[in-house]
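Encoded as structure tokens, the structure appears first; notes follow it.
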Amino acid sequence: GLGLLMLWAVLLGEAPPELLGPYLGMGLVAMALYRADKGFARNNSWRVSEATLHATDLIFGIIGGLLAQGLYGHKTAKPGFVAITGVIVVGHVALLLAVGSGVPRPQDLQHLGLLVEHLFDAVAPGP
């Protein structure tokens, strides 16, 4: 659903095609992280943190994250994780609807990029 909304907005010329790259690239990263974490869980070894999974979903990986959750059945039984993922989905839908309506200007999207960077640093601080 979310991927179709994004694609629809781009095809109608309501959203910049530059959105496709980040959503596709980070979606693949998110899918890889969810798959790896599922494997780690089965082997009872080191895990990918939930904060990292959510941060990846937040920075354009949400479509891949949702696909991976469905394909691998990973994290779908954890109500807290599902709730945070739902908030991230709502945020992405709001962003795509806003971009599709022409509300944000290019400089607004640059500010959004800085905000996402700060959020990512807050959610998944470096070593």
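Remarks
- For region 13-31, the candidate set comprises residues that are over 13 Å from the mean Cα position of the chain (by Cα) and either in contact (Cβ under 8 Å) with a residue 60 or more places away in the chain or over 30 Å from SER101 (Cα atoms) (or both); within that set, the residue that is most open to solvent (accessible area, probe 1.4 Å) is GLU14.
- Residue in region 53-70 that is surrounded by fewer than 17 Cβ atoms within 10 Å (Cβ to Cβ), free of Cβ contacts under 8 Å to residues at least 40 places away in the same chain and in a helix (DSSP H, G or I) present: yes
The values are calculated or read from the model by the stated rules, or taken from the named source; none is laboratory data. Note that the structure is a prediction, hence the values are computed from the model and not measured. In this analysis, Cβ positions are derived from the backbone assuming ideal geometry, glycine residues included, and neighbour counts consider all displayed protein chains. Please note that ligands, DNA and RNA were not included when accessible areas were found on the heavy atoms of the full protein model with its side chains. Shrake-Rupley method; radii C 1.70, N 1.55, O 1.52, S 1.80 Å.
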